[in-house]
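Quick notes on the structure that follows.
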Amino acid sequence: MDGDIQFGKVRRRRYYRLLLLLPFVWQVGLAYAVNDISARPLGLPFPMVWQMLGILVASGTIAIVYAIDKRLEAAHSESQERSQ
């Protein structure tokens, strides 16, 4: 039940947390695809640029999931206050 939010009798699952798989797929799943690219953006090897972009993607993904969690938590506490 930890991954569920219950609003009255309606239970909502937190499927948006699957977004947290995106950085993993970025770093592990696609590393082989970009390893052979010979482009050198900004004079850096492309895999290095890919890793730096992965850090930005991971940070953005975590920020989005945090914002959604915070919004749902506020809605949940607000609905609990109304029911009391």
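Values quoted throughout were computed directly from the atomic coordinates according to the rules given, and no laboratory measurement underlies them. Worth saying up front: this structure is predicted, and the values here are computed from it rather than measured. Counting neighbours? That spans all protein chains shown, and the Cβs are built from the backbone with ideal geometry, glycine included.
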Relative contact order (percent, whole number), the range 17-83, Cα cutoff 8 Å, 6+ residue spacing: 37 percent
Which value in nm describes the separation of the simple spin-label points at Gln27 and Ser59, placed 7 Å from the Cα toward the beta carbon? 1.4 nm
Once both label points are put 7 Å beyond Cα along the C-beta direction, the Met52-Tyr66 separation in nm becomes 2.3 nm
